[in-house]
Amino acid sequence: MNLLTHLQRLFHGAVEGIVADPARYAAMVKPAQDARFGDYQANCAMSLAKQLRQKPRDVAERLAASLDLSGMLEKPEVAGPGFINLRLRTDWLAAQLQRMAAADRLAIEPVQPPRTYVIDYSSPNVAKPMHVGHLRSTIIGDALARLLRFLGHKVIADNHLGDWGTQFGMLLYGYKHHRDEEALRSDPVREMVRLYLLVRREIDPAEKVEEEPGNAKDYSEADLTRSREALAAVRSETAKLHAGDEENLALWRQFMPWCYAEIEAIYRRLDVHFDHTFGESFYQPMLVGLVDDLLARGIARPSEGAIAVFVEGEETPTLVRYRNGAYTYTTTDLATIRYRMEQWHPDASLYVVGTPQEMHFRRLFGIARRWGYDTIELEHIKFGSVLERLPNGKTEMFRTRAGRVVELGALLDEAVVRAAQQYEQTRADRLERGEEVPQLSQQEEQQIAEVVGLGAVKYADLCQNRTSDYVFDWDKMLAMDGNTATYMQYAYVRNRGIFRRGNVDPAALRSDPPRPILDTPHERALAVQLLRFHEALDAAVADYKPNLITAYLWDLSKAYSGFFDNCPVLKAPTPELRQSRLLLCDLTARVIQRGLDLLGIRTVERM
Ligand code: ARG
């Protein structure tokens with residue numbers, strides 16, 4: 001049960017007869033800032049009083065008296081100018097926890113009615129190695145897909161690969177001029193990456209000078225000429241491919257699986273899955289008809305040889321066909337919208353793509369609405385950049401360009417190596433302190449390093465407010481204390497350790513859970529926090545913000561520490577209290593595990 005929505009519903013009922021817009025006032029119920037004043041607080045009496053021209057305190061008193069407490073709330077208290085403080089009844093909390101313990105999905109019922117979401121995420125431009133910049137879309141998109149599915153929605157995960165762009169011109173050119181037959185036979189995937197990087201370096205000077213003529217001074221005349229020739233050749237290979245040239249098409253069909261294999265290995269490792277991987281190429285046959293349709297409906301019109309859509313308030317039009325006849329990123333995206341609507345009839349379509357494409361999506365959505373897709377929720381789930389701290393203290397983007405490619409595969413390898421080293425170190429420290437350390441096989445240790453290393457990278461990304469940039473920092477993300485995956489994973493393991501040490505089977509606690517005893521403030525605070533899980537998940541969906549889940553987990557772990565430091569579990573004074581506290585521990589472990597799972601992060605049982 002989402003506690004907050006439930007309380008808001010009670011307030012809705014209380015103000016319904018008094019005002020015309022009860023929802024507005026119901027929304028003014030919020031979690032309390034300070035637990036001393038209660039668990040939640042309603043601030044609606046003040047605005048209500050203004051509208052009714054009455055004294056706020058009187059309105060608050062009357063509201064509090066008329067509120068249906070539904071066995072859930074203590075008698076509300078009115079404070080200050082008219083705040084209504086709400087305190088959950090402890091016996092009600094205990095009954096809810098008991099129910100949560102016995103339920104499969106922690107008593108989170110699937111939503112009614114479910115919605116259908118298309119999530120467009122990861123969507124890299126294939127043919128170049130994936131780099132750290134692709135991480136965010138992949139991880140955030142995967143977390144949203146997991147979360148929405150868990151809540152009961154229907155999710156269609158579509159990886160909108162960039163499989164038709166200039167990068168294939170680069171590969172075609174590289175293949176024709178620089179291929180290494182031997183390497184191609186033995187490891188075509190690596191050979192593709194090598195060719196891409198080689199051509200990237202070759203055309204880089206010409207592109208830099210096109211962007212900014214002043215850059216010419218960085219290169220010799222001869223180098224620049226060679227680079228320009230290569231760039232022109234790359235463009236002509238791309239144009240030939242798009243025009244349906246037999247040879248280039250055949251090569252493209254040959255390259256695609258190689259390019260995709262490189263990416264797929266990363267998805268497998270990250271445990272990220274898609275229902276579809278229709279790339280941009282899939283939509284190419286639809287573009288001619290699409291532009292005709294836009295013209296026929298008067299949405300697009302010819303403009304200086306191109307075909308453009310003019311939108312009021314936008315200074316420049318959006319092109320759907322260039323003068324040279326080529327179609328644009330927007331055209332393909334419009335075809336994609338139509339296809340998805342016809343195939344899946346989604347209620348919402350989410351595009352998990354970096355902030356730099358904000359204008360593209362704003363314009364795209366505007367055109368789509370004019371084109372008739374005006375009831376679907378189209379949403380750009382934008383995110384900031386991953387930065388790197390330089391030795392001089394300044395920060396800079398992780399780069400894709402020549403010279404400084406941070407390949408994602410290598411980055412994930414490093415995460416695992418670092419996690420393994422840290423694990424060895426912690427183990428040695430624990431042994432030195434005379435603590436018990438489990439005997440693990442090499443395979444188990446490797447598994448731990450994978451889970452901890454990849455978890456650290458994902459969590460570090462997801463715990464940011466997604467619209468901000470963040471600095472990639474190994475030490476911070478692998479820290480054992482603080483808001484990190486490593487901390488959560490250890491908290492989970494320590495929690496499981498209690499059950500091993502006490503020889504308690506958690507399954508028994510779940511099949512026949514005791515009614516928990518919540519007599520100390522620590523036990524009660526933990527209980528409230530556990531019950532707020534559903535509220536956190538709904539909040540994360542409302543803004544499409546996975547960091548609201550990590551923030552919740554962090555608060556939960558603080559409530560758990562407070563409980564654990566003050567309430568002996570295995571050595572509890574009575575058997576009833578021991579059972580009750582074990583139940584709280586088990587629920588905490590389950591919520592942590594489920595919360596991490598929704599972020600795509602795994603746990604291990606011991607380490
Ligand atoms: N391939 C694009 C890029 O790497 C992202 C595609 C996002 N999805 C979309 N439907 N436009 O920038």
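Each value in this text was obtained by applying a stated rule to the coordinates, not by laboratory testing. This is a predicted model, so every value here is computed, not measured. FYI the Cβ positions are ideal-geometry reconstructions off the backbone, even for glycines, and counts take in every protein chain you see.
Details
- Rounded if a/c under 1.5, otherwise prolate or oblate - the range 223-332, Cα gyration tensor axes: oblate
- Relative contact order for the chain: 15 percent, from Cα pairs under 8 Å spaced at least 6 residues apart, divided by residue count.
- With neighbours defined as other Cβ atoms within 10 Å of a residue's Cβ, the residues F310, F168, F11, F255 order from fewest to most as F310, F255, F11, F168.
- Taking θ as phi - 60° and the Karplus parameters 6.51, -1.76 and 1.60, the scalar couplings of the range 78-83 work out to 9, 10, x, x, x, 6 Hz in sequence order, x denoting glycine and proline.
- Here the simple spin-label model places points 7 Å from the Cα toward Cβ, and for D505 and R62 these points are separated by 5.9 nm.
- Here the Karplus relation 6.51 cos²θ - 1.76 cosθ + 1.60, evaluated at θ = phi - 60°, turns the backbone of the range 547-564 into coupling constants of 5, 6, 7, 5, 4, 5, 4, 5, 5, 4, 5, 5, 4, 5, 4, x, 5, 5 Hz, with x for every Gly and Pro.
- Amide H to amide H, with H built 1.01 Å from N, L73 comes under 5 Å of R89, counting only residues 5 or more places away or on other chains.
- Total formal charge among the other residues, if their Cβ is under 14 angstrom from that of M488, Lys/Arg +1 and Asp/Glu -1: +4
- Spatially, the range 31-107 and the range 452-476 are offset by 36 Å when compared through their Cα centroids.
- Amide H to amide H distances under 5 Å link I381 with Y351, V352, V353, where only residues 5 or more positions off or on other chains count and H is placed in the peptide plane.
- Straightening the chain between K55 and E264 buys 68.8 nm, computed as 0.36 nm per residue apart minus the Cα-Cα spacing.
- Cut-off 19 Å, label 7 Å out along Cα→Cβ of R427, residues of the range 569-603 by amide N: 603
- Rounded to 10°, Cα long-axis angle of helix 533-542 versus longest principal axis of the chain: 30
- Given charges at beta-carbon only (K, R positive; D, E negative), |dipole| of the chain in Debye: 1620
- Anisotropy class of the range 381-479 from Cα gyration tensor, a/c 1.5 cut: prolate
- In terms of other Cβ atoms within 10 Å, V493, V457, V416 run from fewest to most in the order V493, V416, V457.
- Within-15-Å neighbourhood charge of Q51 [Cβ basis; K, R +1; D, E -1]: +2
- Angle of helix 3-15 to the longest C-alpha principal axis of the chain, folded into 0 to 90 degrees and rounded to 10: 70°.
- The angle separating the long axis of helix 90-102 from the principal Cα axis of greatest extent in the chain is about 50 degrees.
- For GluC sites (Glu not before Pro), the sites in the range 1-93 that DSSP calls loop and that have at most 15 other Cβ atoms within 10 Å are E16, E74.
- Global geometry of the chain, whether rounded, prolate or oblate, following the gyration tensor of its Cα atoms and the 1.5 cut on a/c: oblate
- Modelled FRET efficiency - R0 35 Å, N392 with T355, Cβ distances, 0.05 increments: 0.85
- Net charge over other residues, Cβ less than 9 angstrom from the Cβ of R340 (K, R count +1; D, E count -1): -2
- Under-5 Å amide H pairs with H160, H placed in peptide plane, nonlocal only: Y121, S123
- Size descriptor, Kirkwood hydrodynamic radius, that averages inverse alpha-carbon separations across the range 366-438, Å: 17.6
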